[in-house]
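Below you'll find the structure, written out as structure tokens, and then a few comments.
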Amino acid sequence: MKNMDAMYICTTPFQIMSAISLAVNRKEAADLYIDAQFEGAEDLAEKIRQRKIFDTVRVLKNISCIDQVRGASGKMQRYNKIISLYRHIEDAAAQLLLPDRRYRILYATHNVFVANLLMLYISKNDIRTKVYFFDDGEGSYDNRDIFKISLPDKLTKRLVLGRKAMRGPRRLYMYSPDLFNNMHPTNRTPVYHLPQFRENETVLEHIKAVFEVSPEKGIREPVIILDSLKEVVLSPEDDARIVKLYDRLQAEFGEDRVIVKRHPRDTRTYENPIREYPFTRLPFEITCLASDPSKMTLITLLSTATIMPKLLMDEEPRIVLLYHMFKRLEGNDADRDRFFELVKKTYNDPGRIVIPDTDEELDELIRTIREELNS
């Protein structure tokens, strides 16, 4: 049996970046498990192996206990498959874990499926593995239910595994503990600081190498439209309005000063085509590492990617949020207002985050930005 400090479970590239930061800063002998739910997981795993950050990097593919649940044809079939897994949790753990390993700590972002199974396995068998959760980006802050277990799942776990199934994480690691605690005032789990990328040069080197950060992936245009829209978010009328606004921004600032980072599913056309950032699927935090976020003006309806430069790099781009000016078909503006008011408090210059309410306020803001660009 090989004793290891930790295992990390990741389902997204962002989580992998956070795992790299934690593992390096905590100087742990650790394994990385990647649940391959995103394109390019195998290639990314090989790049991580080359950096020798983790003892072993395992990509979870063709695992029957995972595939049988994700391949269920309906809610009831999925529910029955999950019950079966809970009843045979040791078999599931044997499929997921590397053989002959004993871990002191399990790191995950929240109750994602694979982590959930292993947490149940640990609890049921009284294994002395501590569970710590780490930062999953903006969802860790503005989703008040991120650690909440659904009532059906809670009841199922309780019936199958008893009280042990209710154990939660002992620690949380967040890039901004203050923002997290302000957003989650009822949290009682200790929150620790997860070092930002630039706090450790080795972490920064690893992330740049693994994600192939290079100058050509940077954005040099000072005005960036972060297009977070899907057709279901706005009414057709407002959807047409915001496209016209994007066209206006190009006319006001100059076509060589504006670029759009599209949402991957954005299919709209622009009356005057705006230059598009070519690396559409690249996480915005990687784009920022190849750029100078302090010189950016980020304009968006509601993309929470805007907080990544401050959260991960302590950089303060200007942020212009337009959601007060457009009627959304879903979501709660009061929740968003509270979130961004708290984000403002993390800025040295809170005035760099602006949420205009009227066309007149936006006109004045556009004039200010244009004058700064021309000065």
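The values are calculated or read from the model by the stated rules, or taken from the named source; none is laboratory data. Just so it is clear, the model here is predicted, and its values are computed rather than measured. Note that each Cβ is placed from the backbone with ideal geometry, even for glycine, and that neighbours are counted across all protein chains shown. All accessible areas refer to the heavy atoms of the entire protein, side chains included, with ligands and DNA or RNA removed. Shrake-Rupley method; radii C 1.70, N 1.55, O 1.52, S 1.80 Å.
Label reach from F38 (point 7 Å along Cα→C-beta): in region 293-316, amide nitrogens under 14 Å belong to 305.
As a test of the formula, what do you get for the chain when each DSSP H run with n ≥ 4 contributes -39,500 (n - 2.57) and the sum is divided by the residue count, at 222 nm and rounded to the nearest 500 deg cm²/dmol?
After summing the helix terms and dividing by residue count, I get -12500 deg cm²/dmol.
With all protein chains in place and a 1.4 Å probe, the accessible surface of region 274-374 carries 45 percent carbon and sulfur. For the peptides 174-186, 26-38, residues were scored by their other Cβ atoms within 10 Å and the scores averaged per peptide; the highest-first order is 26-38, 174-186.
Of the residues I225, I299, I146, the one that moves most in a GNM of the chain with alpha-carbon contacts below 10 Å is I146.
So if I place +1 on the C-beta of Lys and Arg and -1 on the C-beta of Asp and Glu, and nothing else carries charge, what would the dipole magnitude of region 17-124 be about its Cα centre? I want it in debye, nearest 20.
280
Once you have the Cα-Cα distance between E216 and L322, take 0.36 nm times their residue separation minus that, and quote the gain in nm to one decimal. Don't skip to the end; give the middle numbers.
Details: separation 106, 0.36 × 106 = 38.16 nm, distance 2.91 nm.
Gain in length upon complete extension: 35.3 nm.
Relative to the longest principal axis of the Cα atoms of the chain, the long axis of helix 236-253 lies at roughly 60 degrees.
Taking 29 Å as the limit for the C-alpha separation, the pairs K52/K130; K2/K208; K208/K327; K208/K295; K61/K208 exceed it in the case of K2/K208; K208/K327. Were the residues from R58 through R78 laid out at 0.36 nm apart, the gain over their Cα-Cα distance would be 4.7 nm. The distance from the alpha carbon centre of region 44-103 to that of region 315-368 is 41 Å, rounded to a whole number. Measuring r between the beta carbons of A251 and T358 and using R0 = 25 Å, the FRET efficiency lands at 0.80.
Taking Cα extents along the principal axes in Å as calculated from this structure, the corresponding entry among (1) 87, 45, 35; (2) 78, 47, 34; (3) 66, 44, 37 is (3). If I fit a long axis through the Cα atoms of helix 75-87 and take the longest principal axis of the Cα atoms of the chain, what angle between them do I get, 0 to 90°, rounded to 10? That works out to roughly 40 degrees.
Treating r as the C-beta distance of D335 and Q50 and R0 as 35 Å, the FRET efficiency rounds to 0.25.
The C-alpha atoms of the chain define a longest principal axis, and helix 41-51 lies at about 80 degrees to it.
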